[in-house]
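Please read the structure below before turning to the comments.
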Amino acid sequence: MALKKLEMELKPFTALGEGAVALAEDPVMPGWYVDPATGQRVFYDPVAGKFFTAAGGVYIPLGYMNPAPKQVAIAPGDRLMVSISFKYTGPAVSGVTGYYCIGTNGMFGFDEKLVQLTTFSLPQVTSPPPYPNVTNSFTFTIPSNVDTNWDDIYVKIFGGTPSIGGQATTNYIFGYENALLVAGIQPTITEFKISDFAKV
């Protein structure tokens, strides 16, 4: 089976509580918050460490889901590597969490179907690098119960010591819509017709 590869870049996001103060870390209490960019109300669940829409989907802010630059065809049993990279300047940070998710992004939020976490460290870097100097990746094995609408991917990084941000309020989140083309789970017949007829 071939290993498919998808690379992603991260962008920032900051959520604000209804008190209109920036949250440096995830809120402690469950409750409703407002995304200042869109005015959308979202509910924070501290057990899950996520913001949810009123319909129950995981909230991914507008602007962080992007049209995919390519589409990768996958089928049950395939392995899909999702890679991230970014430029980093700052102190050494240990225990950063990479959060990788495949699912369906829609009007009610992101329906997470496959989620995996990695742990990695950031080196101390004192001068801005000319090119991305940090990478991380995770390889998913596509399960047999994959559906054709599992075509979106998002990633985020958070945590570490010292912390780069909380799980729900991380400044580093990025996603692609229509990145995957799920094949091989339903019979596909095209160009069905009578190919010829003749007296023999």
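The values are calculated or read from the model by the stated rules, or taken from the named source; none is laboratory data. For clarity, every value in this text was computed on a predicted model and none was experimentally measured. We place every Cβ from the backbone using ideal geometry, glycine too, and count neighbours over all the protein chains shown. These accessible areas exclude ligands, DNA and RNA; they are computed on the full protein's heavy atoms, side chains included. Shrake-Rupley method; radii C 1.70, N 1.55, O 1.52, S 1.80 Å.
Structure summary
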{"item": "Average accessible surface area per residue within the chain, 1.4 Å rolling probe, Å²", "result": "56"}
{"item": "DSSP loop GluC sites (Glu not before Pro) with at most 15 other Cβ within 10 Å: longest gap in the chain", "result": "26-190"}
{"item": "Fraction of accessible area attributable to carbon and sulfur, the chain (%, probe 1.4 Å)", "result": "56"}
{"item": "R0 of 25 Å, Cβ-Cβ distance K70-T148: FRET efficiency to nearest 0.05", "result": "0.90"}
{"item": "Rel. contact order, % - alpha carbon contacts under 8 angstrom, at least six apart, segment 96-153", "result": "44"}
{"item": "Hydrodynamic radius by Kirkwood, which averages 1/r over all alpha carbon pairs of the chain, in angstrom", "result": "18.6"}
{"item": "Segment 42-97: Cα Rg divided by the 2.2 N^0.38 Å rule of thumb", "result": "1.62"}
{"item": "Distance from segment 80-133 to segment 30-67 (C-alpha centre basis), Å", "result": "19"}
{"item": "Stretchable slack from S163 to V125, in nm (0.36 nm times residue separation minus alpha-carbon distance)", "result": "12.1 nm"}
{"item": "FRET efficiency, 1/(1 + (r/R0)^6) with R0 22 Å, evaluated for V115 and R79 via beta carbons", "result": "0.85"}
{"item": "Contact order normalised by residue count of the chain, Cα under 8 Å, 6+ apart, percent", "result": "27"}
{"item": "With all protein chains modelled, accessible area of T126 [1.4 Å, Å²]", "result": "110"}
{"item": "Choice from I189, I157, I173 showing the highest fluctuation, given a GNM over the chain with Cα pairs closer than 10 Å", "result": "I189"}
{"item": "Selection from F51, P128, G90, by position along the positive dipole direction of the chain (Cβ)", "result": "P128"}
{"item": "Sites V28 and N178 - FRET efficiency at Förster radius 41 Å, r taken between beta-carbons, to 0.05", "result": "0.65"}
